[in-house]
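Quick notes on the structure that follows.
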There are 2 protein chains.
Amino acid sequence: MKLIRNIKGIVAFSRQARLKGKSIGFVPTMGALHMGHLSLIKKSKKENDITIVSIFVNPIQFASGEDLKRYPRDLKNDALLCRKSGVDAIFCPQVKSFYPQGYKTYVQVEGLSDHLCGRFRPGHFRGVTTVVAKLFNLVSPDTAYFGQKDAQQALIIQKMAEDLNMPVKIRVLPTLRHKDGLAMSSRNAYLTKEERRDARVLYQALSCARALVRQGKKNVAQIIQQVKSIINKKKSARIQYVLFVDTQDLEPISRIKSPVLLALSVYIGKTRLIDNIVI
Amino acid sequence: MKLIRNIKGIVAFSRQARLKGKSIGFVPTMGALHMGHLSLIKKSKKENDITIVSIFVNPIQFASGEDLKRYPRDLKNDALLCRKSGVDAIFCPQVKSFYPQGYKTYVQVEGLSDHLCGRFRPGHFRGVTTVVAKLFNLVSPDTAYFGQKDAQQALIIQKMAEDLNMPVKIRVLPTLRHKDGLAMSSRNAYLTKEERRDARVLYQALSCARALVRQGKKNVAQIIQQVKSIINKKKSARIQYVLFVDTQDLEPISRIKSPVLLALSVYIGKTRLIDNIVI
């Protein structure tokens, strides 16, 4: 496995693979890899000749006051996991060379970026689409893999790739969960033991909503009220949003239809967690 | 020569060329081709195995009230010129398929896009960078060719390609001029006979400024005053801007240095013309 730290290196690696006629699968990450990431890597390995993982805590997708500085970083362990998973190359550029002085260019998907998390994280999705556009140009993958846990991100990246005619296929794979239902996330590492227990309530609340919908409940406001009351029972929980939205344009809906995306963002203590299900 | 009208067609054509190991030169245009365009095509032919020209009047780079509808279109003649010049393929997509309903993604180069023409054409350069990003993804050229007549556009595209790590080389070639000095432009076709005569004043004024700088004049305000008074002698002329700016960041300068970009935008009758020289 190659550990590539500079831009020339990744371009050369990717070009080499292309010249040999090999297909490239790409898993962009911010590191602190967990089973969710590994499931993306596994799928990429299955579907491509070469798998490249990027590990880059992208500063421009963090708003000021967010957790950029303390975001978990453990390249040594990440590299170990990648090696074990049969990854061919890790690309972990330095911020200075990735966004050199005088950097000015941004990619923005309008509309989709303003809903859900976009309302609370100004500039976040612009940062995501910009870094992904750059990575796609450097890695030139045939297929790139994202997790459904970040449903809005996945949708926005699909839209960007389609709108800008990027020569890459976007695959979105299911959220991986711990046994107690909590969605796997690098940010779970922030939780205290007690908060970790409380955090189970997110998936419990989502599952309750699913059951209500399956029972035929159609009143969005009532279901959301139930979800919120379940979450609010936990002292450490502070809800940012709970919303039923259209699975394509992310516009809030007023009456249950199928499919529908139920998405939520909840602070557990000081840690902001997101989760979602498609019903 | 192939005339390709749809997106699948251009992707297939470009992929075919790549598979054969051929280098691709690309000249993006809005049609109404003139000798300036042909000089770009000639250079592309010289430097690449395959030359692709796009002809697309890009609606999103026109602000409302601008000349989108009456912009000169003459595909038949353009195709003839391309064929004569040895172009391998023309790509002329339809607006509907290029920007399908629900299109949402834009590429923006901040800062550079706000100076000079950017102040008077809101959204113009965002439209330019977006269309060029899309075309680059579809054509996947090794090298793309632009004219120095649109100096700000060329600089912004270079910045975009560099910032987003696009795998393409940008070449900017000198402005071609008529014998009387007027820069070649598709918009010259709008001019009446009298306006066409008056339009010579743009290059006359620029040349006068160059002479003054070469004589050692350093006072920017004084030179600009001279340029403006030369232009204002023509009844049909209405100045939008005359500015000395830095050749890299396009910031206005207060004292002559070398190199410097002298750029101007002037309405001749109802036709907005731009021109520039590097001194």
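Read the figures in this text as sums done on the coordinates, not as results from a lab. Keep in mind it's a predicted model, so treat the numbers as computed, not measured. Neighbour counts run over all protein chains shown; Cβ positions are idealised from the backbone, glycine included.
Label point of A:Gly111 (7 Å along Cα→beta-carbon): distances to the other copies' equivalent points are 3.2 nm, sorted ascending. Ordering B:215-226, A:235-246, A:198-209 by mean Cβ neighbour count within 10 Å, with the highest value first, yields A:198-209, A:235-246, B:215-226. Kindly work out what percent of the DSSP beta bridges joining two residues of the protein assembly as shown are antiparallel, to the nearest 5. Within the protein assembly as shown, antiparallel bridges account for around 55 percent of the total.
Per the Debye formula on identical point scatterers at the alpha carbon atoms of segment A:59-109, with no solvent, log10 I(q)/I(0) at q = 0.12, 0.13, 0.22, 0.24 Å⁻¹ is -0.43, -0.51, -1.02, -1.05. Each other copy holds its own label point for A:Arg5; taking that point as 7 Å from Cα along Cα to Cβ, the gaps run 5.5 nm, nearest first.
Protection proxy ranking of A:50-59, B:266-275, A:178-187, by the mean of other Cβ atoms within 10 Å over each peptide's residues and highest first, is A:50-59, B:266-275, A:178-187. Applying a length cut-off of 20 Å (Cα extent along the axis) and a mean Kyte-Doolittle floor of -1.0 to the DSSP H helices of chain B leaves B:124-139, B:200-214. Each 5 Å bin from zero holds the following percent of Cα-Cα pairs in segment B:134-279: 2, 9, 18, 19, 17, 15, 10, 7, 3, 1. Over chain A, dividing the summed -39,500 (n - 2.57) contributions of all DSSP H runs of at least 4 residues by the number of residues returns a 222 nm mean residue ellipticity of -11500 deg cm²/dmol.
Using the crude model of +1 on Lys and Arg Cβ and -1 on Asp and Glu Cβ, and no other charge, please compute the dipole size for chain B relative to its Cα centre, in debye to 20.
Numbers: 47 positive and 21 negative charges, 161 e Å.
Charge dipole of chain B: 780 debye, to the nearest 20.
Shielding of peptide B:137-143 by partners, expressed as the average count of other chain Cβ atoms within 10 Å per residue Cβ, is 2.
Hydrodynamic analysis of segment B:14-54 uses the Kirkwood radius over alpha carbon pairs. Inserted into Stokes-Einstein at 20 °C and 1.002 mPa s, it gives a translational diffusion coefficient of 202 µm²/s. From the largest down, chain A spans 57, 40, 40 angstrom on the principal axes of its Cα atoms. In terms of its Cα atoms, segment B:89-160 spans 31, 30, 17 Å along the principal axes, sorted from long to short.
For the pair segment A:126-144 / segment B:160-186, the C-alpha centres are spaced 27 Å from each other. Calculated from the alpha-carbon coordinates, segment B:1-156 shows an Rg and a Dmax of 15.3, 46 Å respectively.
The protein assembly as shown gives an Rg/Rh value of 1.04, both radii derived from C-alpha positions and Rh following Kirkwood. What Kirkwood Rh does segment B:1-73 have if only Cα atoms enter the pairwise 1/r average? Answer in Å. It is 13.9 Å. Length, then width, then depth: along the principal axes, the Cα atoms of segment A:184-231 run 37, 18, 13 Å.
Here is the list for segment A:26-128: GluC sites (Glu not before Pro) lying in DSSP coil, each with at most 16 other C-beta atoms within 10 angstrom of its C-beta, are A:Glu66, A:Glu110. The protection proxy used here, the mean number of other Cβ atoms lying within 10 Å of each residue, ranks peptides A:14-25, A:98-109 as follows, highest first: A:98-109, A:14-25.
Annotation for B:Leu68, label-to-label distances across the other copies: 3.6 nm (shortest first, one decimal, point 7 Å from Cα along Cα→Cβ). Of all beta-carbon atoms in chain B, the one sitting closest to the axis that brings chain B onto chain A gives B:Val107, 3, with the distance in whole angstrom. Taking only the Cα atoms of segment A:208-256, the radius of gyration and Dmax are 11.7, 34 Å.
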